[in-house]
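See structure below.
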């Protein structure tokens, strides 16, 4: 059981539904309820008691012994509707969105790290490399969420991060040389698909020493 991932979600679910229960007339909200984390599939349970108390039941492995945490809430109104003008957010959808953003961030960070490593490698060796181990990042060509490629071509190297999952964007980067001789320097550009995609965008284009994203991608801000 992942304490850092499930506890905030569980408590938030307990509090939100518990407050709702205390504001409802009748007994239809009393009982044992279960919340399923759409990100991990893990579940937690809580009890809405007849005396309008809310108890969070610790999942197995969260505490050394089984514990029921009483959530401290106080009834402050008989109102049972959301105030006008206040946005209602679906908790499950919000968690799913956050998970998707985290996966996409993995791809962006990894491609960025490969690009920086290529710049450092070129500064030391005077060339680019397609060998992941040589860069020393500990990043394999493929992870659970992304497939990475590095394609050197003379004075440049293209790097892609193709999503292996449906709810993530894909990325393409280019590290290239500007200037000549001792004045030569490496520059880099990172691009991403506008929407979630399991197809990596085309590599950025280099025209007259200026790089730009291909038509199927946009620059990373």
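Is one or more of the residues making up region 37-44 free of Cβ contacts under 8 Å to residues at least 24 places away in the same chain and either within 26 Å of the chain's Cα centre (by Cα) or in the same structural domain as residue 173 (by TED's automatic domain parsing) (or both)? Looking for residues that are free of Cβ contacts under 8 Å to residues at least 24 places away in the same chain and either within 26 Å of the chain's Cα centre (by Cα) or in the same structural domain as residue 173 (by TED's automatic domain parsing) (or both), one finds at least one in region 37-44, hence yes.
Could we say that residue 211 is modelled with pLDDT of 95 or more and part of a strand (DSSP E or B) here? Working first, answer last.
On the way: modelled with pLDDT of 95 or more: no; part of a strand (DSSP E or B): yes.
Answer is no for this residue.
Conditions (1) out of contact with any strand residue (DSSP E or B) (no Cβ under 8 Å at 6 or more places or on another chain); (2) surrounded by 15 or more Cβ atoms within 10 Å (Cβ to Cβ); (3) at pLDDT below 80, marked per residue:
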| residue | (1), (2), (3) |
| --- | --- |
| 54 | no, yes, no |
| 57 | no, yes, no |
| 64 | yes, no, no |
| 69 | no, yes, no |
| 81 | yes, no, no |
| 84 | yes, no, no |
| 89 | yes, no, yes |
| 94 | yes, no, yes |
| 98 | yes, no, yes |
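The set of residues from region 135-146 being in contact with a strand residue (DSSP E or B) (Cβ under 9 Å, 6 or more places away or on another chain) and either touching a residue at least 40 places away in the same chain (Cβ under 8 Å) or exposed (fewer than 14 other Cβ atoms within 10 Å of the Cβ) (or both) comprises 140, 141, 142, 145, 146. When only residues in region 30-50 that are outside any strand (DSSP E or B) and modelled with pLDDT under 80 count, which is surrounded by the most Cβ atoms within 10 Å (Cβ to Cβ)? The extreme case among them is 37. Taking region 178-206 as the search range and keeping residues that are free of Cβ contacts under 8 Å to residues at least 24 places away in the same chain and part of a strand (DSSP E or B), which one is farthest from residue 143 (Cα to Cα)? For region 178-206, the residue satisfying everything is 185. If the condition is being surrounded by 13 or more Cβ atoms within 10 Å (Cβ to Cβ) and part of a helix (DSSP H, G or I), then region 121-134 contributes 121, 122, 132. Being closer than 22 Å to residue 186 by Cβ and either without any contact (Cβ under 8 Å) to a residue 40 or more places away in the chain or not in a helix (DSSP H, G or I) (or both) is a condition met by at least one residue of region 105-112.
The values are calculated or read from the model by the stated rules, or taken from the named source; none is laboratory data. Note that this is a predicted model, so its numbers are computed, not measured. A quick note on method: Cβ atoms are made from the backbone with ideal geometry, for glycine too, and the neighbour counts reach across all protein chains shown.
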